[in-house]
1. Taking Lys175 as the residue in question, decide whether it is surrounded by 16 or more Cβ atoms within 10 Å (Cβ to Cβ), basic (Lys, Arg) and within 21 Å of Pro94 (Cα to Cα).
2. Which pairs have Cβ atoms under 6 Å, sit 6 or more apart or on different chains, and link a residue in segment 239-254 that is surrounded by fewer than 22 Cβ atoms within 10 Å (Cβ to Cβ) and assigned to a helix (DSSP H, G or I) to one that is at pLDDT below 95 and among the charged types (D, E, K, R)?
3. Restricted to segment 104-119, and to residues that are of a type outside the set (A, V, I, L, M, F, W, C) and in contact (Cβ under 8 Å) with a residue 24 or more places away in the chain, which residue is most open to solvent (accessible area, probe 1.4 Å)?
4. Any residue at all in segment 198-215 that's of a type outside the set (Asp, Glu) and over 22 Å from the mean Cα position of the chain (by Cα)?
5. In segment 273-285, is there at least one residue being of a type in the set (D, E, K, R) and in a loop (DSSP other than H, G, I, E, B)?
6. Condition first: among the β-branched types (Val, Ile, Thr) and at pLDDT below 95. Can you find one or more residues in segment 198-215 that meet it?
7. If I filter segment 288-304 for residues that are outside any helix (DSSP H, G or I) and either without any contact (Cβ under 8 Å) to a residue 40 or more places away in the chain or crowded, with 16+ Cβ neighbours inside 10 Å (or both), do I get at least one hit?
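The values are calculated or read from the model by the stated rules, or taken from the named source; none is laboratory data. These figures come from a predicted structure and were not determined experimentally. Positions of Cβ are backbone-derived with ideal geometry, glycine not excepted, and every protein chain shown enters the neighbour counts. These area figures cover heavy atoms from the full protein model, side chains too; ligands, DNA and RNA do not enter into them. Shrake-Rupley method; radii C 1.70, N 1.55, O 1.52, S 1.80 Å.
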Amino acid sequence: MGWKILLPQDILADGRKYLEERGHELIMATGLDVESICRDIKGIDAMIVRTAKIPAKVIEAADKLKVIVRHGAGYDTVDLEAAKKKGIKVLYCPHANSVSVAETVLFNMLYCSRNYNVVRREYIDNYYDAKMKTPKYELEGKILGLISCGRIGSIVAEKCMKGFNMKVLAWDPYKPEDSFPEGVKVVKDKDIIFKEADFISIHSPLTSETKEFIGKREFEMMKPTAFLINTSRGMVINEKDLYEACKNNIIAGAGLDVLQEEPVNKNNPILYLDNVVVSPHIGAATKEASARASLHAAQGIHEVYEGKKPTWPVPGFENI
């Protein structure tokens with residue numbers, strides 16, 4: 001007899017089929033809020049989490065929970081310490097969305113470099129101004145700087161070097177120097193990236209060390225023609241400082257797939273700047289990435305069910 005698996009949000013058919021064929025029962029939650037999940041978690045063996053937050057309150061309410069799987073590469077929405085204290089395994093899907101997020105980085109670089117917010121707004125009424133007077137730039141031969149260079153950053157580096165003949169600098173104090181993609185120049189001081197790069201792409205996970213670790217100091221180092229791209233977590237950047245840097249043309253602009261507050265706050269002034277591109281955390285929201293994540297999450301649960309060592313435990317949960 002299989003497990004009862006709670007889904008605060010549904011998963012795609014690939015994952016559903018995999019679990020149901022192996023005798024597991026999928027149960028849709030009554031809501032995404034904490035109170036609903038606390039009620040629904042009773043009698044549940046496993047849970048697949050997409051955007052819902054899983055604080056200690058949910059974990060404390062669980063009476064049978066054995067494993068939580070994050071349907072994606074990030075896991076900061078789960079209270080890991082609470083899970084660890086209760087002996088609940090936490091898994092994730094680090095490889096499922098890498099290509100989709102990397103493509104989102106390229107999309108933002110192109111969108112920013114062509115000043116597309118302004119072009120799109122102006123071209124109906126001021127066609128030739130939009131065409132001829134709005135500044136636009138190529139990516140070809142420019143310098144890309146990567147803050148952290150894991151799987152996604154490495155894919156971005158490869159695509160930029162091979163597709164746009166870009167030079168790539170990377171800073172990642174946790175990555176062995178011989179594991180960076182060939183052609184990437186590794187720097188030990190991240191200030192070099194902020195001073196030299198034409199595009200800076202952030203790929204850092206959110207930890208106590210990275211919370212708002214990029215702010216006014218870094219923006220003032222950047223070239224006035226440089227763009228900042230963030231597809232990781234909104235909280236790694238001081239958003240007020242970024243707003244001021246973009247508003248006052250300290251930097252050329254930014255492409256943001258993440259903000260500090262999600263869902264978006266309509267009163268956030270950064271939404272209304274011409275030189276800032278904002279999207280609702282869509283980097284991993286492609287059909288292909290969602291299908292892979294659903295399947296990988298399902299496989300992780302079944303591995304635990306069978307008593308096997310899971311393929312993708314969250315760091316620190318390898319032996320739980």
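1. Details: surrounded by 16 or more Cβ atoms within 10 Å (Cβ to Cβ): yes; basic (Lys, Arg): yes; within 21 Å of Pro94 (Cα to Cα): yes.
It is true that Lys175 is surrounded by 16 or more Cβ atoms within 10 Å (Cβ to Cβ), basic (Lys, Arg) and within 21 Å of Pro94 (Cα to Cα).
2. Within 6 Å, no pair qualifies.
3. In this case the residue turns out to be Tyr116.
4. As a first pass, look at segment 198-215 and keep what is of a type outside the set (Asp, Glu): 199-208, 210-211, 213-215.
Cutting the leftovers down to over 22 Å from the mean Cα position of the chain (by Cα) gives us none.
The answer is no; no qualifying residue exists.
5. In the first step, residues of segment 273-285 are kept if they are of a type in the set (D, E, K, R); the result is 274.
Among the residues that remain, those that are also in a loop (DSSP other than H, G, I, E, B) are: 274.
Looking through segment 273-285, at least one residue is of a type in the set (D, E, K, R) and in a loop (DSSP other than H, G, I, E, B).
6. Residues of segment 198-215 that are among the β-branched types (Val, Ile, Thr), as a first pass: 200, 202, 207, 210, 214.
Keeping just the survivors that are at pLDDT below 95 gives 207.
Checked against the condition, which is being among the β-branched types (Val, Ile, Thr) and at pLDDT below 95, segment 198-215 yields at least one hit.
7. In the first step, residues of segment 288-304 are kept if they are outside any helix (DSSP H, G or I); the result is none.
Within segment 288-304, none of the residues are outside any helix (DSSP H, G or I) and either without any contact (Cβ under 8 Å) to a residue 40 or more places away in the chain or crowded, with 16+ Cβ neighbours inside 10 Å (or both).
Here's the yes/no breakdown for (1) more than 18 Å from Gly255 (Cβ to Cβ); (2) out of contact with any Phe, Trp or Tyr (no Cβ under 9 Å at 6 or more places or on another chain); (3) open to solvent by 60 Å² or more (accessible area, probe 1.4 Å):
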{"position": "Trp171", "(1), (2), (3)": "yes, yes, no"}
{"position": "Ser179", "(1), (2), (3)": "yes, yes, no"}
{"position": "Val186", "(1), (2), (3)": "yes, no, no"}
{"position": "Phe194", "(1), (2), (3)": "no, no, no"}
